[in-house]
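Participant: One structure follows; several queries about it will come next.
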Amino acid sequence: MADIHLLRTFLTVYRAGTFTRAARELHLTQPAVSQQIRALEGQVGKPLFRRAARGVTPTAAGRELAQAIGTHVDALEGALEGTGATPASVGETVYLGGPEEFLTMRVLPELAPLLDEGLRLRMFFGVDQPVLNRLHAGEVDLAILTTDQQQRGIETQPLCFEYLELVGTPEWKARLSGLGPGRAGADLLRDVPISAYDEDLPLVRLYWQTIFETAPNLRAAYVANSIRASLQFALTGAGITVLPVHSSARSIERGELVPLLDPIFPPNSPLHLAWRAGTLRRTTLARVHERIATAAKDW
C-alpha cells in the first residue's frame, strides 16, 4: 500500500503540471519529488507521467489513479489537520453554484441537517460558464455543471442524470394529438411557442436530437435563466417546454401539465460535481461534498 506522502506528492504534481511547481508547494527539492514519483511508479508498476520540456502530463494510469484517490486523500488530510477541533463541527460558510432548481430541490434538502450544526450556505444560480468562472476565482467552492470540465486546477466527478420530458398543458396535448418521434414530430412543433433557460436551447436541443433526430429548427418564445420560469411559462398555457422530470413532477401530479410524449428511453442530461483541486482538505467542504455525492446515488 502506498504511503500517503507519496500519494500527496503524486496529486500535487498531477495538479501543478510540473515537478518544479509541485516542489515549491510541498516545500521539497525537485529531486526529492522526482524520487517519490519514481517510488510510487515502482509500486504501481506503471509510469504515471510523461516528461516533457515544459512539464509533465499524466499517463492513462496517472489519470486513473488521480481520479480514484483525489477526494479520499484530500478528505483524509483535512480530517487529520482538524483533529484538534470538534469532529462534528461545520461552522463554516460553503459557496455552491449551479442550476437554481437542482440546488434548491435536490441539494438543499440533503444539506439541511448540517445547518443545525452551524454550516452556512451561500448559493449562486447560473449556467455552466458563469458558475465555472466563479469556481476558478474562488467565489464558489462546489459547482453543479452540465458538462465535464477537463481544466487544470478543477476536479470533477459524475454526479447523476437529469431525465428530460417535453411538457405542456392538457390543452396543448389535445392540439398536438398527432405528435410522435422522428422528424415529422419536429415539423409539427416548428411554430409552437417554446420556453428555454438559454438562447442556445440546451435541454430543448438534447430532446430534439434524441427524440426527433434533428436539431431544433425554432426560436424560443421565452428565455429566462431559470427552470422555474420555464415551468411557469408552460403552466400559463402560452406554449411548451422541456424540463427535468423532478421539476415538472408536482405539476403533472396535479394535472396542470402532461408529458406530450412518452418515449421508452427518455433523454437524459448528465450532471457533474466540480471543485478546485486540493480544497477538499477543508473538513467542512469534504462533508458537504460527501453528502451531495452520497445522496446523488438515489437521484
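Participant: At a Förster distance of 41 Å, what's the computed FRET efficiency of E213 paired with R54, Cβ-Cβ distance as r, to 0.05?
Facilitator: E between E213 and R54, to the nearest 0.05, is 0.40.
Participant: Return the sequence-ordered ³J(HN,Hα) values of the stretch 126-132 in whole Hz as given by the Karplus equation 6.51 cos²θ - 1.76 cosθ + 1.60 applied to θ = phi - 60°, using x for Gly and Pro.
Facilitator: Computed from phi, the couplings for the stretch 126-132 are x, 7, 3, 5, x, 5, 5 Hz.
Participant: A follow-up question, please. In nm, what is the difference between 0.36 nm times the number of residues separating A224 and Q157 and their Cα-Cα distance? Can you show the working numbers first?
Facilitator: Numbers: separation 67, 0.36 × 67 = 24.12 nm, distance 2.78 nm.
Net length gain for the segment: 21.3 nm.
Participant: Between exposed trypsin sites (Lys or Arg not before Pro) in the chain, where DSSP calls loop and at most 14 other Cβ atoms lie within 10 Å, what's the longest gap?
Facilitator: The answer is 55-151.
Participant: What is the distance, in nm, between label points placed 7 Å from the Cα along the Cα-to-Cβ direction at I264 and at E117?
Facilitator: Result for the modelled spin labels: 4.6 nm.
Participant: Once amide H atoms are built 1.01 Å from N in the peptide plane, which residues 5 or more positions from E165, or in another chain, come under 5 Å H to H?
Facilitator: Amide H neighbours of E165: L243, V245.
Participant: Under the Karplus relation 6.51 cos²θ - 1.76 cosθ + 1.60, θ = phi - 60°, what is the ordered set of whole-Hz ³J(HN,Hα) values for the stretch 249-266, x standing for Gly and Pro?
Facilitator: These are the phi-based 3J(HN,Hα) values: 4, 5, 5, 6, 4, 7, x, 6, 10, 9, x, 7, 9, 10, x, 5, 10, x Hz.
Participant: Also: What are the ³J(HN,Hα) couplings of the stretch 205-215, residue after residue, when phi is run through the Karplus curve with 6.51, -1.76, 1.60 and θ = phi - 60°? Round to Hz, x for glycine and proline.
Facilitator: Running phi through 6.51 cos²θ - 1.76 cosθ + 1.60 with θ = phi - 60° gives 4, 4, 5, 4, 5, 7, 8, 9, 6, 7, 6 Hz.
Participant: For the chain, take the longest principal axis of its alpha carbons; what is the angle in degrees between that and the long axis of helix 283-295, to the nearest 10 within 0 to 90?
Facilitator: Helix 283-295 sits at roughly 40 degrees to that axis.
Participant: How far apart, in nm, are two points set 7 Å out from the Cα along the Cα-to-Cβ line at R21 and at V127?
Facilitator: 3.0
Participant: Would you please give the residues with an amide H less than 5 Å from that of I154, counting only those at least 5 places away or on a separate chain, with H modeled from the backbone geometry?
Facilitator: Counting only residues 5 or more places away or on other chains, the set is A277.
Participant: Same structure, new question: Pull out a ≥ b ≥ c, the square roots of the eigenvalues of the alpha-carbon gyration tensor of the stretch 162-269, then state rounded if a/c is under 1.5, prolate if not and a/b is larger than b/c, and oblate in the remaining case.
Facilitator: Numbers: a/c = 1.25, a/b = 1.12, b/c = 1.11.
It comes out rounded by the Cα gyration axes.
Participant: Given R₀ = 35 Å, FRET efficiency for V192-T147 by Cβ-Cβ distance, to 0.05? Mind showing how you got there, number by number?
Facilitator: On the way: r = 28 Å, r/R0 = 0.80.
That gives a FRET efficiency of 0.80.
Participant: To continue, here is another question. How large is the helix-only mean residue ellipticity at 222 nm for the chain, computed as the sum of -39500 (n - 2.57) over DSSP H runs with n ≥ 4, divided by its residue count, in deg cm²/dmol to the nearest 500?
Facilitator: Numbers: 12 runs with 125 residues, N = 299.
Mean residue ellipticity, 222 nm, calculated: -12500 deg cm²/dmol.
Participant: Cut-off 16 Å, label point 7 angstrom out along Cα-to-Cβ of I4: give me the residues of the stretch 266-299 whose amide nitrogen falls inside.
Facilitator: Within reach of a label on I4, which here means backbone N under 16 Å from a point 7 Å along Cα→Cβ, the stretch 266-299 contributes 278-284, 286-287.
Participant: Estimate the FRET efficiency between E139 and K297 by the formula 1/(1 + (r/R0)^6), using the beta-carbon distance for r and 25 Å for R0, to the nearest 0.05. Write down the numbers at each step before the final one.
Facilitator: Values: r = 29 Å, r/R0 = 1.14.
Working from the Cβ atoms, E equals 0.30.
Participant: Work out how much length T236 to T104 would gain on full extension: take 0.36 nm times their residue separation and subtract the Cα-Cα distance, in nm to one decimal.
Facilitator: In short, 45.3 nm is gained.
Participant: Enumerate the amide H contacts of G126 below 5 Å, restricted to partners 5 or more residues apart or on another chain; note that Pro and chain-start residues carry no placed amide H.
Facilitator: Amide H neighbours of G126, under 5 Å, 5+ apart: G98, E100.
Participant: With both bridge residues required to lie in the chain, what share of the DSSP beta bridges run antiparallel, to the nearest 5%?
Facilitator: In the chain, DSSP labels about 65 percent of beta bridges as antiparallel.
No lab work stands behind these numbers, since they all come straight from the coordinates. Bear in mind the structure is a predicted one, so any value in this text is a computation, not a measurement. For neighbour counting, all protein chains shown are included, and Cβ atoms are generated from backbone atoms with ideal geometry for every residue, glycine included.
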